[in-house]
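Here's the structure, in structure tokens; my notes come after.
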Amino acid sequence: MPASRSRTERWRDSLWKIYERGGGLEFALSTDDAQADPVKDLVWRVRMLGLTEDEIRVELPGTLGRSFRIEEGSELVGIMSVGQNRWMFRTHVLGTVEMNGRSGPVRALRLEMPERVERCQRRTFNRVSDAQINLPTVDAWVLRDPRSAIPAEVASRVRLLDAHDSDISGIARIGPEDAMLPDVGAQFAGKLANIGGGGVGLLVDSADAAALEGGTVFWLRVDLSPVLPAPLALTARLAHTHVDSQQRVYAGMAFEFAHHPSHQQFIVDQIGWYLSSLQRRAAA
């Protein structure tokens, strides 16, 4: 029996091993948006906290010290990774429960144990027969002077706050040519693979990977249209990289707010607002 088929049929064993070693899963809200301009899915990287025959218990999604609420009954697309192999499954939120964590009490998200999982093909690593994830596009630049990002971050903040104060759905989308840039170098593009407690993971095609070697601090613009009319702009510091089976570079980046501390709360608020918006759309 091929190894990949064997692991798929014994996926519960793989899930248990992930839990035993203190690993995590990824999940996104199931948006199933069939519009011409579908929403972008935020994929959350969370640690597994408990496992039973009927439930998977994981951390609440969050970033920079703030956790976000996921409504009971929300449908999710889960992702389980073992080495270079990925499996996806559908589940839904059963509620939350208070648990004893490593550093004290913690509130866990209770997910229904899936009936089955499906292996992702390497060329369509975020899609299976009954589910797919639409990752946000990220425009990125090597940032020469982090202090030069302050005016660009302020401009991004003003644009989005103005949109929220009016009817955000009626605000014309701002294009890249309209956005202020700080003092930047080489540009490259990527996909927002996941978001975690202190940063994000980017997937960068091999053709653009050389730009990652040009610096340690980067200026990012994350496309969350059509929900947000302008890119979410922020600074991040490269923490680590590895190459996947398709020769794409996964770049783990830590948020960097030392040059502009007040921008941190704005980014957290926008991420929380976006997640709430996706839940409202799913419930509509």
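Numerical summary
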item: Residue that is nearest to the chain's Cα centre (by Cα), among those in the range 76-107 that are among the small types (Gly, Ala, Ser) and in a loop (DSSP other than H, G, I, E, B); result: GLY83
item: Residue among ALA236, ALA211, ALA284 that alone is without any contact (Cβ under 8 Å) to a residue 12 or more places away in the chain and of a type in the set (A, V, I, L, M, F, W, C); result: ALA284
item: Restricting the range 55-75 to residues that are among the hydrophobic types (A, V, I, L, M, F, W, C) and either over 18 Å from the mean Cα position of the chain (by Cα) or in a loop (DSSP other than H, G, I, E, B) (or both), the residue that is farthest from GLN265 (Cα to Cα); result: ILE56
item: Residues (surrounded by fewer than 22 Cβ atoms within 10 Å (Cβ to Cβ) and within 18 Å of the chain's Cα centre (by Cα)) located in the range 200-219; result: GLY201, LEU203, ASP205
item: Which numbered condition SER81 misses (of (1) in contact (Cβ under 8 Å) with a residue 40 or more places away in the chain; (2) over 18 Å from ALA193 (Cβ atoms)); result: (2)
item: Those residues of the range 92-147 which are in contact with a helix residue (DSSP H, G or I) (Cβ under 7 Å, 6 or more places away or on another chain) and either surrounded by fewer than 12 Cβ atoms within 10 Å (Cβ to Cβ) or of a type in the set (A, V, I, L, M) (or both), in sequence order; result: VAL117, VAL142, LEU143
item: Total residues in the range 245-264, condition touching a strand residue (DSSP E or B) at 6+ places or on another chain (Cβ under 8 Å) and among the hydroxyl-bearing types (Ser, Thr, Tyr); result: 1
item: Scope the range 212-225; condition in a loop (DSSP other than H, G, I, E, B) and β-branched (Val, Ile, Thr); matching residues; result: THR216
item: Residue within the range 142-161 that is part of a loop (DSSP other than H, G, I, E, B) and modelled with pLDDT under 75 present; result: no
item: Qualifying residue in the range 28-35 (condition: in contact with a Pro (Cβ under 9 Å, 6 or more places away or on another chain), modelled with pLDDT under 90 and crowded, with 18+ Cβ neighbours inside 10 Å); result: yes
item: Residue count, the range 189-233 (criterion: farther than 29 Å from ARG47 by Cβ and either among the hydroxyl-bearing types (Ser, Thr, Tyr) or out of contact with any Lys or Arg (no Cβ under 9 Å at 6 or more places or on another chain) (or both)); result: 10
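For every residue, the table says whether it meets (1) under 25 Å from GLU71 (Cα atoms); (2) not aliphatic (A, V, I, L, M); (3) not in a loop (DSSP other than H, G, I, E, B).
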| position | (1), (2), (3) |
| --- | --- |
| ALA210 | no, no, yes |
| VAL227 | yes, no, no |
| THR235 | no, yes, yes |
| GLN265 | yes, yes, yes |
| GLN279 | yes, yes, yes |
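The values are calculated or read from the model by the stated rules, or taken from the named source; none is laboratory data. Everything quoted here is computed from the prediction, not taken from an experiment. Glycine also receives a Cβ, built like all others from the backbone with ideal geometry; neighbour counts cover every protein chain displayed.
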